[in-house]
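Right, one structure below, let's go through it.
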Amino acid sequence: MTVISTVVPTYATISLAALAHNVSCITEYLPPSCKILAVVKANAYGHGAITVAHALAKQGVERFAVASLAEGIELRQAGLNAPILILGALFEEQIPDLVAHRLTPVVSDVRILPALTKAVCAHQAPYQIHLKIETGMGRLGLSTEELPALLDSQILRSPLQIEGIMTHLADADGEDGTFTERQLGVFHAMLEQICLRGLTVPLVHAANSAAIVRFPTTHFSLVRPGIMLYGYHSLPSSVPAPALRPVLSLQTRIAKLRTIPQGGTVSYNRTFVAKRLTKIAVLPIGYADGYNRLLSNRGTVLIQGKRAPIVGLVCMDMTMVDVTDLASVQIDEAVTLIGQQGAESIGADEVAGLLGTIPYEVLCGISSRVPRLYESAAHGG
Ligand SMILES: Cc1ncc(COP(=O)(O)O)c(C=O)c1O
């Protein structure tokens, strides 16, 4: 586990106990035959892919998925030996690196197959690939015409071997399940095409987090949770929510306190004008840390377990909050921007709501300037 010892005022805490809890929570939805393919792309949604993947592996997760070749190489070089699937687009010139690092490609376009075959032709053992079928996401994937043609062609030759077949659902978290059912119908028709040709594909997967909860028919041999691992979901309110625990908290400390008179202003362009004698706390975090500027004059933070409103524009490296209504606030005092303090909490979903976005973007947006500190599962964090 990586523990950053540098003393820093602004940091994110990653609770490996919460991560483990969320894995157990996901597992409860699944039959024993269905396993987790953990989605750790985008630096594990901002949580730190290397530590998160190793922690998940320790907990028994056997497979991982990332978006890009570079993300896969980073995990391999960090000693993760498990199968790593590259979900995103691959380009011909990336194939040698893919093979050198034993990464599993998701083939969405037949054009990479000749280069892939050439790169693995010296291999004795089969080189596993997954095929992605486009069933309604309108993104990557082989069309329903391309797949049968590919299966009948000579393009897929030994040592390439189809280990997996997958699709991605566009609306598993929407109110209405009709489109998901339609996508699953198309996917089943493609699985039938494989069956008809006497082929056996050991790994079949379609479910993201929302589908894990809502569509048990998507529990094939694998499911691909991302956001649920990290403690959030995007389910409509009509669906009972899983009991997840947010993994990440974002913390800082008060760097400076000042009192401004009625009519005094704060930050660039003077968008906050004090209506009373106002006590301002300056926080060493800003939009360069991923604390979005659209939170200016809108967001709140937690100090002494109470909410303090952001006043003025969030700057690149600093944010100011109004602490007039808090008792005896001190310099150095702990500030929680995402997470729990006493009985109060601010979730990444609440922050996302203020920004008109989703918790995914809030979590992924926390920049590399913010060190991630890991609380081990043993500490119960
Ligand atoms: C192909 C694929 N599968 C699974 C996931 C995980 O989705 P979620 O985070 O909603 O569980 C993603 C995330 O975007 C994805 O692109």
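Figures for the structure shown
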item	result
Relative contact order (percent, whole number), the chain, Cα cutoff 8 Å, 6+ residue spacing	20
Formal net charge of residues neighbouring D349 (Cβ-Cβ distance under 14 Å; K, R +1; D, E -1)	-2
Selection of GluC sites (Glu not before Pro), the range 78-144, meeting DSSP coil and at most 12 other Cβ within 10 Å	none
Where N is the number of residues in the range 248-379, Cα Rg divided by 2.2 N^0.38 Å	1.03
Straight-distance crosslink candidates among lysines, where the alpha carbon sits under 25 Å from K256 and sequence neighbours closer than 8 are dropped	K275, K279, K306
Packing-based ranking, highest mean first, of 321-328, 14-21, 40-47, 84-91 given that Cβ atoms within 10 Å are counted	40-47, 14-21, 84-91, 321-328
The range 1-72 and the range 239-254: distance between their alpha carbon centers, rounded to Å	15
Relative contact order, percent, the range 33-191 [alpha-carbon distance under 8 Å, six or more residues apart]	16
Pairwise centroid distance, computed over Cα atoms, of the range 95-140 with the range 291-330, Å	48
FRET efficiency, V239 to T259 (Cβ-Cβ, R0 45 Å, nearest 0.05)	0.40
Linear extension gain, A89 paired with K275, 0.36 nm per residue minus alpha-carbon span	61.6 nm
Rg followed by Dmax, in Å, when the chain is reduced to its Cα trace	23.8, 80
Accessible area per residue in Å² at 1.4 Å probe, computed on the chain	44
Carbon and sulfur %, accessible surface of the chain computed with the full protein complex present, 1.4 Å	54
Dipole moment magnitude, nearest 20 debye, the range 248-379 about Cα centre, only Lys, Arg, Asp, Glu C-beta charged	520
Estimated FRET transfer efficiency (A67, Q161; beta-carbon r; R0 22 Å; 0.05)	0.40
Calculated [θ] (222 nm, deg cm²/dmol) that DSSP helices of n ≥ 4 give over the chain, each run adding -39,500 (n - 2.57)	-7000 deg cm²/dmol
Charge-dipole axis of the chain as Lys and Arg at +1 and Asp and Glu at -1 on Cβ define it, positive-most pick from L229, P242, I310	I310
Backbone N under 11 Å from the R298 label point (7 Å along Cα→Cβ), restricted to the range 317-360	351-357
Cα-centre dipole for the chain with unit charges at Cβ (Lys and Arg positive, Asp and Glu negative), debye to 20	980
Cα-projected label distance for S367 with E175, points at 7 Å along beta-carbon direction, nm	3.9
Those lysines that a straight Cα-Cα span of less than 28 Å connects to K132, excepting residues fewer than 8 apart in one chain	K35, K41, K118
Over the range 175-322, relative contact order from alpha-carbon pairs under 8 Å, at least 6 apart, %	15
Where trypsin sites (Lys or Arg not before Pro) fall in DSSP loop in the range 235-301, at most 16 other Cβ within 10 Å	K275, R276, R298
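The values are calculated or read from the model by the stated rules, or taken from the named source; none is laboratory data. In this text the structure is predicted, and so the values were computed from the model without any measurement. Methodologically, a virtual Cβ is constructed for each residue, glycine included, from the backbone with ideal geometry; neighbour enumeration extends over all protein chains shown. Just the protein is used for accessible areas: all its heavy atoms, side chains included, with ligands, DNA and RNA removed. Shrake-Rupley method; radii C 1.70, N 1.55, O 1.52, S 1.80 Å.
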